[in-house]
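Only one structure is covered here, and it is reproduced in the block below.
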Amino acid sequence: MSGRQLSELYLICSIVYVFYSIVRSWSMAQSQSFSSSSAEKPMPGNSMLRHLTSKIKATGPISVAEYMREVLTNPVMGYYVQNDMLGPDGDFITSPEISQIFGELLGIWCLSEWMGAGKPSRFQLVEFGPGRGSLANDILRVFSQLRGALGGAAVSVHLVEVSPKLSQVQAQCLTGDQSQVSASEDEPVYRHGTTTTGLPISWYRNLDDVPRGFSIYLAHEFFDALPIHKFQGTEKGWREVMVDIDPDEPGKLRLVIVPAPTLASTQLIQADEKRRHVEVCPEGGVIVQRLANRITEDGGAALIADYGHDGTKMDTFRGFKGHKLHDVLASPGSADLTADVDYSYLRRMAGATVACMGPVSQKDFLKNMGIDTRLQVLLRNCADPSTRAQLIQGYDMLTNPLKMGERFQFFTMLNHTPLPVAGFSELGLS
């Protein structure tokens with residue numbers, strides 16, 4: 001089956017799956033309990049829990065993908081829509097929040113790819129899920145400092161963000177008060193303005209609305225939050241793991257293995273799959289295919305950095321709340337949900353029209369980009385003991401294999417294969 005056919009199939013899956021679940025035969029008595037939910041009591045008045053239980057009562061068990069989509073991005077109650085979850089006071093912290101060096105090195109990577117492509121006259125920086133805007137802010141600072149290297153290129157910034165609340169935080173970080181919300185909610189660009197460095201910046205809800213043209217795409221901790229389907233190998237073949245109401249405690253949810261094949265379980269598993277438990281992210285596959293198409297036709301590159309593996313892990317679905325692991329089914333809407341990115345799947349979905357490299361560990365990527373040299377420069381120019389300690393601590397958090405150094409992986413898609421590629425091979429720094 002071709003990549004295009006797979007893409008169309010996955011889109012069909014996402015559209016018709018809910019209707020299929022309504023008419024398919026299912027029996028709660030036949031469903032096998034896959035894992036019990038947390039002993040934590042659901043939050044009183046949890047509107048998301050009431051919404052989910054009503055949906056399940058009406059249609060039967062829902063896929064993990066539908067559960068994630070509702071919990072994270074429901075336009076009224078979704079976790080990403082309602083919360084500012086980043087930073088020390090949130091539920092998790094990301095690399096750009098830990099050290100400015102991270103964003104600076106990614107800025108250098110973007111410039112390197114733009115130069116390698118022949119310095120096109122238009123240069124779009126596109127970031128998916130920009131968080132608080134810290135990564136883009138550090139990158140734009142590098143662009144401003146190296147303005148001479150950019151020559152007369154028309155640089156613009158394009159942010160793909162589903163959360164109106166986070167877009168406000170990003171706008172404050174990147175533009176100060178130099179942004180405006182579009183008059184109509186139906187506009188593809190729902191916010192626009194000018195960055196503090198003088199570049200035009202726009203916000204979109206999805207990739208399709210971003211203008212075509214040479215672009216460097218960045219996705220840092222974006223793909224891990226996209227909805228996944230979970231599957232379990234059984235004696236009768238692959239079966240989907242779904243979310244159901246706990247019959248013993250109606251105020252709780254549980255994971256079950258449904259007894260009959262589903263549309264997803266018959267279409268999303270590779271014929272040569274050896275693992276007994278598999279997580280598949282069709283939405284991520286479709287996005288990668290669209291990125292590959294844009295890169296092939298318009299030029300550019302994509303850099304994906306996330307928790308991940310190369311087709312080896314099995315059960316990685318988890319929740320985070322207050323920087324601690326949290327039961328994925330407890331108090332839905334109050335915690336972040338995530339699953340490790342399967343880079344072997346992304347590579348397969350990207351197809352042969354682009355060159356894929358990685359995954360490589362964050363430690364190796366940053367060291368290849370010169371993080372050690374950059375740290376020493378910053379330390380030489382910093383006399384404040386507290387700031388020096390923060391720089392060293394941030395470096396350790398980013399590169400230590402026992403912290404983020406090995407858990408995070410970098411993966412790139414290019415429309416050319418110049419060797420070496422910055423970050424993916426050791427560069428000689430004289």
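Using the alpha carbons alone, the radius of gyration of segment 236-301 stands to its Kirkwood radius in an Rg to Rh ratio of 1.17. The residue list Val286, Leu135, Cys173 was ranked by how far each Cα lies along the charge dipole of the chain toward its positive end, using unit charges on Cβ atoms, and Val286 comes out on top. The HN-Hα couplings worked out from phi for segment 99-114 by the Karplus form 6.51 cos²θ - 1.76 cosθ + 1.60 (θ = phi - 60°) are 8, 5, 4, 4, x, 4, 5, 5, x, 4, 4, 4, 5, 4, 5, 5 Hz, whole numbers, x standing for Gly and Pro. Measuring between alpha carbons in the structure, the pairs from Lys313/Lys367; Lys55/Lys274; Lys57/Lys324; Lys57/Lys165; Lys252/Lys321; Lys119/Lys313 lying more than 28 angstrom apart are Lys55/Lys274; Lys57/Lys324; Lys57/Lys165; Lys119/Lys313.
Of Gly308, Thr194, Tyr80, whose Cα points farthest to the positive end of the dipole of the chain (charges on the beta-carbon: +1 Lys, Arg; -1 Asp, Glu; origin at the Cα centre)? Going by the Cα projections, it comes out as Gly308.
Taking all protein chains together and rolling a 1.4 Å probe, Cys173 ends up with roughly 50 Å² accessible.
In the assembled protein chains, Thr373 presents an accessible area of approximately 80 Å² (probe radius 1.4 Å). Considering only Gln124, Asn368, Thr399, the residue lying farthest towards the positive end of the dipole of the chain is Asn368, judged by Cα position with unit charges set on Cβ.
Working from Cα pairs under 8 Å separated by at least six residues, relative contact order for the chain is 19 percent. Highest-first packing order for the peptide set 269-277, 196-204, 114-122 is 196-204, 114-122, 269-277, based on the mean count of other beta carbon atoms within 10 Å. Would you compute the Debye intensity of segment 53-210 from its alpha-carbon atoms alone, equal scatterers and no solvent, and pass along log10 I(q)/I(0) at q = 0.15, 0.18 Å⁻¹ to two decimals? Once normalised to I(0) and log-transformed, intensities are -0.86, -1.14. State log₁₀ I(q)/I(0) for segment 284-378 at q = 0.19, 0.21 Å⁻¹ as given by the Debye formula over alpha-carbon point scatterers of equal weight, solvent excluded. For the requested q values the scattering log ratios are -1.00, -1.05. Over all projection directions, the Cα-based convex hull of segment 155-283 averages an area of 12.5 nm². One way to sum up the overall shape of segment 162-218 is the equivalent ellipsoid from its Cα gyration tensor, whose semi-axes run 17, 15, 11 Å, largest first. Between segment 211-244 and segment 271-307, the C-alpha centres lie 9 angstrom from each other.
By a 1.4 Å probe calculation restricted to protein chains, Ile287 has an accessible surface near 20 Å², given to the nearest 10. Dipole magnitude for the chain: about 280 debye, using +1 per Lys or Arg Cβ and -1 per Asp or Glu Cβ, origin at the Cα centre. Hydrodynamic estimate: the Kirkwood radius of the chain over Cα pairs, inserted into Stokes-Einstein at 25 °C and 0.890 mPa s, corresponds to D of 108 µm²/s.
Rounded to the nearest 20, the size of the Cβ-charge dipole of segment 124-194 about its Cα centre is 300 debye, with Lys and Arg at +1 and Asp and Glu at -1. Net charge in the neighbourhood of Pro200 (other residues with Cβ under 13 Å of its Cβ; Lys, Arg +1, Asp, Glu -1) is +2.
Of the solvent-accessible surface of the chain, computed with a 1.4 Å probe and all protein chains present, 53% belongs to carbon and sulfur. The calculated 222 nm mean residue ellipticity attributable to helices in the chain amounts to -11000 deg cm²/dmol, summing -39500 (n - 2.57) over DSSP H runs of n ≥ 4 and dividing by all residues.
The values are calculated or read from the model by the stated rules, or taken from the named source; none is laboratory data. This is a predicted model, so every value here is computed, not measured. All Cβ positions, glycine included, derive from the backbone under ideal geometry; neighbour counts span all protein chains shown. Keep in mind that these areas ignore ligands, DNA and RNA; they rest on the heavy atoms of the full protein, side chains included. Shrake-Rupley method; radii C 1.70, N 1.55, O 1.52, S 1.80 Å.
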